[in-house]
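See below for the structure under consideration.
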Amino acid sequence: MKKIALIGCTGNIGGQVAEIVRAYPEQFCFSALACGKNTAALSALAKEFHPAHVMCEGEVFLADGVKRTHVMSELFGDCDVALIAAGGFAGLAYTLAAIEAGKEIALANKESLVCGGEIVMRRAKEKGVDIVPVDSEHSAIYQALGQRRDAKFARLVLTASGGPFLHKSKEELARVTAQDALRHPTWDMGAKITIDSATLLNKGYEVIEAKWLYGADYSQIDAIVHRESIVHSLVYFEDGAAIAQLGYPDMRIPIQLALTHPNRLPCSRFLKLEEIGALHFEQLPVDKFPCFSLAVEAGKEGGTCPAVLNGAGEEAVRAFLQGSIAFTQIAETIGDVLDALPRQHASCYEQLAEADRRAREAARRILYGK
Ligand code: MG
């Protein structure tokens, strides 16, 4: 029985983890559940799964034997694996706490590596903690590398669905709404990541994630548009051989693998290539979607830059979802905040948290004039 500490249990990934635990009750249980504010959903999960600990920001109704904690490290005390699926910068503190507790990590929170990649990978190495990716592209690479993160390769190619606006003109992009953006063509995800997918900020994040997970140089990582989301990413080896991982777009596969690797759970639906027909690939239109390059450049700069980029991005996406700014202003806001806040060295979480706070402040000043 594998004991899971699930952080971000009420989000989209969290819901799919709960589905997997329901489907395999003899294999998995929850030792801890944590969420932000959705206490009604957390209460229901606590009553269903009886974790030892729960943690959240509001009032929660607990089942018998379930304890409430405000101490992050307590969440990881008796788990076998910490599945970090919290959204945004908030996920980083949990990832670091799980590493300090010496627990294996199934990582679904991108910001942990985007903002804190250097610190996270260094501490994980020092503590002997393995980090297994849940993000579908990075799981694909992990599988293509034979479920190893230290295998040799020549290039990594991340595939991108391109989001709902891939072929829109710059003028059209200025007029798209949050509702348009939330209609993702292939993946069903939370609101923030769906918008990040539409701006291609998400793909920029995934380049940074790949850099840290696989020790790749930025020059070894490419991203390519693949509308059907069947090829989840590929690895090129020295001799030109390329190995890809294929499957229907279904997050349960990478989630399960991160929990059971190197073993796999049986599946009920094999990919039927004859039903899919042609697979298409095209260049990523980076000029039309400046968020991609902003992210990659911030990743290359390092230090506090990615945390500043992310803090500004979280504020800008919130403003867009509320209808306060145009789609194209998301990238403008991020660019302006990066220009306003100089790069600083960061060697600990506190420095990144301070950069995050200052980036949000600067973004709100630009967005709302306060
Ligand atoms: Mg992804």
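Only one of these is touching a residue at least 24 places away in the same chain (Cβ under 8 Å), within 16 Å of the ligand (Cβ to nearest atom) and not β-branched (Val, Ile, Thr): Gly128, Gly102, Gly190, Gly116. Name it. Outline the logic, then answer.
Details: Gly128 fails: within 16 Å of the ligand (Cβ to nearest atom); Gly102 fails: within 16 Å of the ligand (Cβ to nearest atom); Gly116 fails: within 16 Å of the ligand (Cβ to nearest atom).
Within the list Gly128, Gly102, Gly190, Gly116, the selection yields Gly190.
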Note: among Ala44, Ala23, just one is among the small types (Gly, Ala, Ser) and either in contact with a strand residue (DSSP E or B) (Cβ under 7 Å, 6 or more places away or on another chain) or within 30 Å of Ile195 (Cα to Cα) (or both), namely Ala44
- Task: Report yes if some residue within the stretch 348-364 is more than 25 Å from Ala191 (Cβ to Cβ) and of a type in the set (A, V, I, L, M, F, W, C); otherwise report no.
- Result: yes
Of the residues in the stretch 131-171 that are charged (D, E, K, R) and either within 19 Å of Leu279 (Cβ to Cβ) or surrounded by 13 or more Cβ atoms within 10 Å (Cβ to Cβ) (or both), the one that is farthest from the ligand (Cβ to nearest atom) is Lys168
Residues of the stretch 4-19 being touching a residue at least 40 places away in the same chain (Cβ under 8 Å) and surrounded by fewer than 18 Cβ atoms within 10 Å (Cβ to Cβ), in sequence order, are Glu19
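Inside the stretch 1-108, counting only strands (runs of 3 or more DSSP E) that do not spill past its ends, which hold 1 or more residues that are more than 27 Å from Arg122 (Cα to Cα) and at pLDDT 95 or above?
Result: 28-34, 53-55.
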The residue from Ala210, Ala223, Ala216 that alone is assigned to a loop (DSSP other than H, G, I, E, B) and in contact with a strand residue (DSSP E or B) (Cβ under 7 Å, 6 or more places away or on another chain) is Ala216
Contact list, first residue from the stretch 134-151 and acidic (Asp, Glu), second anywhere and away from the ligand (no atom under 14 Å from the Cβ), beta-carbon distance below 9 Å, six or more apart or interchain, is Asp150/Tyr214; Asp150/Gly215
Cβ pairs under 6 Å, 6+ apart or interchain, first in the stretch 198-211 and within 9 Å of Cys291 (Cβ to Cβ), second outside any helix (DSSP H, G or I) and within 12 Å of the ligand (Cβ to nearest atom), ordered by first then second residue, are Lys203/Ala160; Lys203/Ala223
| query | On the given criteria, is Val231 in contact with a Phe, Trp or Tyr (Cβ under 7 Å, 6 or more places away or on another chain), closer than 17 Å to Gln143 by Cβ and modelled with pLDDT of 95 or more? | reply | no
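The values are calculated or read from the model by the stated rules, or taken from the named source; none is laboratory data. Since this is a predicted model, take the numbers as computed values, not measurements. Reconstructed Cβ throughout: ideal geometry from the backbone, glycine too, with neighbour counts over all protein chains shown.
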